[in-house]
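First the structure, in the form of structure tokens, and then the observations on it.
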Amino acid sequence: MGFRIGRGAHDTLDGPLCRRFRHQENSGYQRGRGSSAEKAGVAKEEFRRSVFVKLDYVSIEKRDGVAIVRFDRKANLNAFNEKLVVELTHAAQGFFDDLETHVVVLTGAPNAFSAGFDLKAVDSWPSETDDLKRRYRAYGGVRLCRAWESMPQITIAAIEKLAVGAGVAIALACDWRVLARATRMYIPEVKIGLNLQWGALPRLITLVGPARAKRITIMCEKMPAAQALDWGLVDELADDGRTVEKALEMAEVVLSMPQPTVRMIKEAVNATANALHSATSFADADQSQLTASSRSAKAARETFRTK
């Protein structure tokens with residue numbers, strides 16, 4: 001898949017870094033009345049400082065050491081399908097050797113961060129007759145979250161409106177989470193006969209502890225923002241529509257620090273906190289395929305769809 005370079009819409013934000021994202025065109029292409037060569041030089045410099053990459057579902061905007069990655073399927077409350085998983089995985093991998101970007105903000109659609117994985121997409125998997133290909137497809141979400149967790153940059157999920165299932169899983173793979181005050185988080189996997197996969201269960205336990213992790217996953221309660229903050233599932237709350245702005249404020253602080261030290265500390269914390277994560281979740285996609293095939297799981301999903 002090729003990258004298309006172009007311009008994208010900007011959030012209405014008020015912080016210093018937010019204003020630089022919003023006014024990138026004004027500072028470069030509309031500034032000054034010098035010669036054509038001078039204007040070309042200014043434009044070239046502004047292009048170097050600000051790059052916009054557009055895929056089908058994912059856009060990446062980079063400026064002044066910060067990237068904003070937006071994903072939007074424009075359907076089904078931004079539920080994941082395989083194409084979105086692949087695009088977001090490639091987006092994350094593109095930052096691994098990026099020494100100019102120090103913070104990456106991940107955000108979803110205006111009407112929903114993500115409603116989880118599209119069950120219609122899952123229903124197509126039985127048509128895959130090659131067992132190895134079927135298993136590879138099942139582990140797409142695991143590869144996605146591992147890529148985001150392994151990025152050397154500080155990652156911040158800016159979550160608006162709704163985060164369900166897989167939407168929570170990708171947020172857990174980020175370093176920090178900013179949640180809009182009216183947003184609810186919801187992990188309904190058990191209700192539809194699935195285990196929590198994408199490597200999310202050990203990450204959840206690390207953040208909230210075993211008892212609360214059991215309650216979140218087994219009771220399938222919709223968690224309001226204040227509770228998510230109190231339990232340690234998220235790090236900051238923001239007014240509705242302002243989560244990206246809050247994330248960029250956090251990014252400003254990170255940018256003020258010595259970047260080699262920031263990366264070393266992130267690696268050290270992850271190595272310590274995540275030491276047993278792979279050992280305890282390496283087969284979660286296999287387990288999910290097993291649990292999904294039971295009669296009770298199939299009945300649960302059918303009931304869930306008809307509600």
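None of the figures in this text is laboratory data; all of them are computed from the coordinates on show. If you're wondering where the values come from, they're calculated on a predicted model, not measured in any experiment. So basically every Cβ, Gly included, is an ideal-geometry build from the backbone, and we count neighbours across all protein chains shown.
Considering Cα pairs under 8 angstrom that are at least six residues apart, work out the relative contact order of the range 55-306 and quote it in whole percent.
It rounds to 19 percent for the range 55-306.
Three principal axis extents, largest first, for the C-alpha atoms of the range 88-219, in Å?
Per principal axis, max minus min of the Cα coordinates gives 44, 34, 30 Å.
Give me the extension gain from residue 206 to residue 265: residue separation times 0.36 nm, minus the current Cα-Cα distance, reported in nm with one decimal.
Details: separation 59, 0.36 × 59 = 21.24 nm, distance 1.77 nm.
Extra length from residue 206 to residue 265 when fully extended: 19.5 nm.
Report the full-extension gain for the segment residue 296 to residue 230: residue separation times 0.36 nm, less the Cα-Cα distance, to one decimal in nm.
Result: 20.3 nm gained on full extension.
In nm, what is the difference between 0.36 nm times the number of residues separating residue 51 and residue 280 and their Cα-Cα distance?
Length gained between residue 51 and residue 280: 78.5 nm.
Return the loop-located GluC sites (Glu not before Pro) in the range 142-233 (DSSP other than H, G, I, E, B) with at most 16 other Cβ atoms within 10 Å of their own Cβ; answer none if there are none.
221
Take peptides 197-206, 227-236, 278-287 and line them up by average Cβ neighbours within 10 Å, highest first, as a rough protection proxy.
Per-residue Cβ counts within 10 Å, averaged per peptide and sorted highest first, yield 197-206, 227-236, 278-287.
Expressed as a whole number of Å, what is the distance separating the alpha-carbon centroids of the range 271-300 and the range 177-223?
For the range 177-223 versus the range 271-300, the Cα centre distance is 14 Å.
Suppose we keep just the alpha-carbon trace of the range 55-306; what are its Rg and Dmax in angstrom?
Values for the range 55-306 (Cα only, Rg and Dmax): 17.4, 55 Å.
Where both residues lie in the range 55-306, what percent of DSSP beta bridges are antiparallel, nearest 5?
30
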